[in-house]
Amino acid sequence: MKTETGTRKLKISILRFNPQEPGSVPRMQTYEIDEAENMTLFIALMEIREKQDPSLQFDFVCRAGICGSCGMMINGRPTLACRTLTKDLGTEISLAPLPVFELIGDLSVDTGKWMRGMSERLETWLHMKEPEVDLGRLEERMEPELAEKIYELDRCIECGCCVAGCGTARMREDFVGAVGLNKIARFRLDPRDRRDDADYFELIGDDDGVFGCMSLIACHDVCPKELPLATQIAFLRRKMVSVGWK
Amino acid sequence: MKIIYTDVLVIGAGLAGLRIGIGAKRRGHDVIILSLVPPKRSHSSAAQGGMQASLANVIKGQGDNEDVHFEDTVRGSDWGADQQVVRMFVDTAPKAVRELAAWGLPWSRVTRGDREVIINGQKVTITERDEAHGLIAQRAFGGTNKWRTCYVSDGTGHAMLTTMSDQAIAYQIPVPERAEAIALIHDGGRCYGAIVRNLVTGELVAYVAKATAITGGGAGRLYRVTTNAVISEGIPTAIALETGVASLGNMEAVQFHPTPAFPAGILLTEGARGDGGLLKDVDGHRFMPDYEPEKKELASRDVVSRRMEEHIAKGKGVKSRFGDHLWLDITLLGEHHVKHNLREVYEICHYFLGVDPVKEWVPVRPAQHYTMGGVRTNYTGESPTLRGLFSAGEAACWDMHGFNRLGGNSVAETVAAGMIVGEFIADFCERSENGASIPTSLVEEALRREQAKIDALIDSRGTENAATIMAEMQTIMSTKVGIFRTGKVLEEGVHELQQLLLRSRNIGLRYKARSANPELVTAYRVQKMLKMALCIAYGALQRTESRGAHFREDFPRRNDAEWLNRTLATWKSETDTLPSLAYEPIDVMKMELPPGWRGYGAKDHIDHPDTARRVAEIEALKQQRDGADRFALQQKLMPYEQLLPERFRGRNERIDEIREVRP
């Protein structure tokens, strides 16, 4: 549908629910706005909140696809809203919060609490071989290709899209998700970490870990950073099976 | 009434706040770090290009050391920086890089042998040394004499924040999220923590602490067009201002980055130019060498941004329906380089502009980028006027950036200052006289006062709209307090901001919920942000000279004779509509590097009467060098090592400066 000026009218339907508000019930609410050139869902939602509905809740931080705040279901698919251009969508757009995570209100969910819980369980920090390093000395060397490989996995922005798209995560509350498994794959690759496969088996060698994955691999398809999640999970599973056999 | 007690309360969970927290926790103190968002989403993550530290591993960095980094930083600051603080910083930066490496940061590494790079638009082959292989690599950045910027592809800030935040989890530091400090608790001389609003439930809680640290980043959102994240509204800095006791330093020093993508204002890293990218105009002409023959695209950011705007004003911009822009050309770097070393740039161009930077030029125009000013501190990071209040990173005026920050020096500051200030905070907490003996009445009163303010906003029948006032403020700042400033326009800006501040006291809300309420948040924030905006605009109006990023068209010269000082702004009373300004002199006679030409930008300035004397004094000291090494000479010029926390003293090893093995 186009207006006289040639711009499209967008109908954006948003799943509204505010658990803080007594009597609030989940419902779809539709807002109409005029599309602008290069409009992203960030710009569209800000405009709706400023001009139409000051109560609408959603999360943006960097609005540049870097920080991972704005994961949401856009026409049923988890992705980052800030870098979704409206011109790539039809005139009717549906938005819903990411499932699995605790709902804060409307499109806002608590990914932070989930990610911190996962990090604590999987101990997703480097376990140093020595407790202290002499900061005045030359740094330990690393092959340039290995550094690049580690960074490839470190590009994860913890947006939660992989968890929202995951079949297992819907069924198993404690499943660590592709985000968690990717982190283990990252530390496994890092020679500075003192842990070995037996240690990692303790963390992910069960159905809440790598053996919970049903290989549906939606995580891989929806990852906004295009991380090689399918390969990492398959590789980790092989390694963990071999530990488990011993 | 809910009161939570801790040793150290940190406000802001970006790199500086997390590193302070880790440092204090490691020394045995309880720490709580408040964050508006999950900590890994903090704006530190948006730093792309890298972190300056004089490791001198790459061949183009050979000969680099603390002395060169020091001089680059002071010249970059246009002599506004505290030179002792710069020394502390350049000494700690290599240690910060190495600490992060030990914590698992995947720094990009040096590969031995030949490689092709682009320098000054030409393909050049350089050869990396065998002994550098596998050590941390450096790239070129603006305003630096050596390749000094350590990096992780172009996701440096993201990788740093991931590593740092995971370390904070390892140290079991609680980081309450969606927790916003809206006022400091203080008695006019001593800070005791903060009143904090839960952004989900709306509940107010008092956090009482021995030491409180403000690490909430910059205030880019005071401007309409900015590279900053939407959370970079400067509220933590504003609550320091609202104490009426703590002062903000150099708020008029605001940096505009040369190459945000146009028109969205999303940052494209300086690494794009550091790696050989060029700026071009409507005719496809590379114009920077015409203005800046020495450093070209790699002069400091204030200079490049001004030259770009100057060129656009001459009619050389590319017209578009959103206004004029220029081009950033990185096509000459080749597909592999763009997709590996400038990957975020590639993604941003692809997703937001529909442009393939491997093949096409990218539209860019300068936009607000960095807040050099902030909570004024001494070298320990503590406010000189409000005891127990500390600050570090972009939120602080420590002051290592003076009137212009060099690219790569901001993430470097966050971590280096975080390390240093974290130790000083631990020292502070360990001194018995700093035990927090706080009358609960003081805490209760602060809680009641803040609750009353929020209730008043919710119950107000005011007619002003919070979002409209915010938008008007941002427009005034962008159009009247921008890159080029004049007295007349600044006067208008100050006047209009004062009117807005008065109007902001008459905001009425359409949505009245006490729990999560975006409109309420905008309302109380914009009242605070207007005070910050007035500190910038009024400071800029009063400073009748040009220094670093502060450029007055009606006073185009740097005037050391009258303005070699730091602006201090305080907000004395709630009913005021202007800050009170005072000026802290910067002593030429104590400088290691007396004022002169920066090596780029304008060549004429008005000298301070002491400058010639200090130059002669330093010359004489250098003459009597008697074979003393660079450390001994430096020690004679401006001693600083005694200022550093003991833990971070000691020399930095380099390939060409191997330290002897200790017995």
All positions within the stretch A:52-86 that are open to solvent by less than 20 Å² (accessible area, probe 1.4 Å), of a type in the set (Gly, Ala, Ser) and either closer than 15 Å to A:Glu226 by Cβ or more than 7 Å from chain B (Cβ to nearest Cβ) (or both): A:Gly65, A:Gly68, A:Gly71, A:Ala81
Selection status of B:Leu36, of a type in the set (A, V, I, L, M) and open to solvent by less than 10 Å² (accessible area, probe 1.4 Å): no
The stretch B:61-110 - residue that is away from chain A (no Cβ under 11 Å) and more than 28 Å from B:Ala549 (Cα to Cα) and, of those, most open to solvent (accessible area, probe 1.4 Å): B:Gln62
Inter-residue pairs, beta-carbon under 7 Å, first touching a residue at least 24 places away in the same chain (Cβ under 8 Å) and in the stretch B:521-550, second in a helix (DSSP H, G or I) and hydroxyl-bearing (Ser, Thr, Tyr), 6+ apart: B:Val526/B:Ser504; B:Gln527/B:Ser504; B:Leu530/B:Ser504; B:Met532/B:Thr237
Those strands (runs of 3 or more DSSP E) lying entirely in the stretch B:174-280 with at least 3 residues within 24 Å of A:Cys82 (Cβ to Cβ): B:254-257
Tally, over the stretch B:544-557, of residues that are open to solvent by 40 Å² or more (accessible area, probe 1.4 Å) and either at positive phi or assigned to a strand (DSSP E or B) (or both): 1
Some residue of the stretch A:123-139 being modelled with pLDDT of 95 or more and over 30 Å from B:Thr111 (Cβ atoms): yes
Residue match in the stretch B:619-633 (condition: buried (at least 19 other Cβ atoms within 10 Å of the Cβ) and touching a helix residue (DSSP H, G or I) at 6+ places or on another chain (Cβ under 8 Å)): no
Yes/no for B:Thr440 being open to solvent by 10 Å² or more (accessible area, probe 1.4 Å), out of contact with any helix residue (DSSP H, G or I) (no Cβ under 6 Å at 6 or more places or on another chain) and farther than 14 Å from B:Ile507 by Cα: yes
Conditions (1) of a type in the set (Ser, Thr, Tyr); (2) farther than 20 Å from B:Tyr223 by Cα; (3) open to solvent by 10 Å² or more (accessible area, probe 1.4 Å); (4) in contact with a helix residue (DSSP H, G or I) (Cβ under 9 Å, 6 or more places away or on another chain): number failed by B:Ser432: (4)
Residue match in the stretch A:157-172 (condition: in contact with a Pro (Cβ under 8 Å, 6 or more places away or on another chain), at the interface with chain B (Cβ under 9 Å from one of its Cβ atoms) and over 24 Å from B:Gly354 (Cα atoms)): yes
Matching residues in the stretch B:492-520 - criterion: being crowded, with 18+ Cβ neighbours inside 10 Å, in contact with a helix residue (DSSP H, G or I) (Cβ under 9 Å, 6 or more places away or on another chain) and within 14 Å of another protein chain (Cβ to nearest Cβ): B:Ile507, B:Leu509, B:Ala513, B:Asn517, B:Pro518, B:Glu519, B:Leu520
Qualifying position, being on the phi > 0 side of the Ramachandran plot, touching a residue at least 12 places away in the same chain (Cβ under 8 Å) and buried (at least 24 other Cβ atoms within 10 Å of the Cβ), among B:Ala56, B:Ala16, B:Ala47, B:Ala24: B:Ala56
Scope the stretch B:196-229; condition small (Gly, Ala, Ser), out of contact with any Lys or Arg (no Cβ under 8 Å at 6 or more places or on another chain) and under 21 Å from B:Ile454 (Cβ atoms); matching residues: B:Gly216
Wholly enclosed strands (runs of 3 or more DSSP E) of the stretch A:45-158 bearing at least 3 residues within 30 Å of A:Pro22 (Cβ to Cβ): A:71-74, A:92-96, A:103-105
Index of the failed condition, A:Leu41 passing every other in (1) within 11 Å of chain B (Cβ to nearest Cβ); (2) crowded, with 21+ Cβ neighbours inside 10 Å: (1)
Verdict on B:Ala426 being under 15 Å from B:Ser44 (Cβ atoms), touching a residue at least 12 places away in the same chain (Cβ under 8 Å) and open to solvent by less than 20 Å² (accessible area, probe 1.4 Å): no
Looking only at the stretch A:92-103, and only at residues there that are farther than 11 Å from A:Leu15 by Cα and open to solvent by 40 Å² or more (accessible area, probe 1.4 Å), the one that is nearest to the chain's Cα centre (by Cα): A:Val100
The stretch B:558-611, residues that are basic (Lys, Arg), surrounded by 15 or more Cβ atoms within 10 Å (Cβ to Cβ) and out of contact with any Gly (no Cβ under 6 Å at 6 or more places or on another chain): B:Arg558, B:Arg598
Search result, residues across the stretch A:205-220 that are part of a helix (DSSP H, G or I) and touching a Leu at 6+ places or on another chain (Cβ under 9 Å): A:Val210, A:Cys219, A:His220
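Condition check: open to solvent by 10 Å² or more (accessible area, probe 1.4 Å), at pLDDT 95 or above and assigned to a helix (DSSP H, G or I). Does B:Glu131 satisfy that? Let's see the steps before the verdict.
Numbers: open to solvent by 10 Å² or more (accessible area, probe 1.4 Å): yes; at pLDDT 95 or above: yes; assigned to a helix (DSSP H, G or I): yes.
Considered against the rule, which asks whether it is open to solvent by 10 Å² or more (accessible area, probe 1.4 Å), at pLDDT 95 or above and assigned to a helix (DSSP H, G or I), B:Glu131 comes out as yes.
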Count of the stretch B:248-266 residues which are open to solvent by 10 Å² or more (accessible area, probe 1.4 Å) and more than 14 Å from every other protein chain (Cβ to nearest Cβ): 1
Of all residues making up the stretch B:471-491, the number that are open to solvent by 20 Å² or more (accessible area, probe 1.4 Å) and within 26 Å of A:Lys51 (Cβ to Cβ): 7
Set B:Thr269, B:Thr237, B:Thr212: member being open to solvent by less than 10 Å² (accessible area, probe 1.4 Å) and within 14 Å of another protein chain (Cβ to nearest Cβ): B:Thr269
Residue list for the stretch A:117-153, filter: within 24 Å of the chain's Cα centre (by Cα), at the interface with chain B (Cβ under 8 Å from one of its Cβ atoms) and open to solvent by less than 50 Å² (accessible area, probe 1.4 Å): A:Ser119, A:Thr124, A:Trp125, A:Leu126, A:Ala147, A:Ile150, A:Tyr151
Pair list, Cβ under 9 Å, 6 or more apart: the stretch B:100-128 residue more than 30 Å from B:Ile22 (Cβ to Cβ), other residue polar (S, T, N, Q) and assigned to a loop (DSSP other than H, G, I, E, B): B:Glu128/B:Asn57; B:Glu128/B:Thr111
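Return the total of residues in the stretch B:349-395 being closer than 22 Å to B:Tyr538 by Cβ and of a type outside the set (D, E, K, R). Lay out the reasoning, then the answer.
To start, the set of residues in the stretch B:349-395 that are closer than 22 Å to B:Tyr538 by Cβ comprises B:368-377, B:383-386, B:391, B:394-395.
Narrowing further to those that are of a type outside the set (D, E, K, R): B:368-375, B:377, B:383-386, B:391, B:395.
Residues flagged as closer than 22 Å to B:Tyr538 by Cβ and of a type outside the set (D, E, K, R) within the stretch B:349-395 amount to 15.
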Pairs, first among the hydroxyl-bearing types (Ser, Thr, Tyr) in the stretch A:90-119, second assigned to a helix (DSSP H, G or I), C-beta under 6 Å, six or more apart: A:Ser119/B:Ile169
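The values are calculated or read from the model by the stated rules, or taken from the named source; none is laboratory data. Please read all numbers here as calculations on a predicted model, not as lab measurements. Cβ sites come from the backbone with ideal geometry, for glycine too, and all protein chains shown count toward neighbours. For the accessible areas, the whole protein counts, side chains as well, though only heavy atoms, and no ligand, DNA or RNA atoms are used. Shrake-Rupley method; radii C 1.70, N 1.55, O 1.52, S 1.80 Å.
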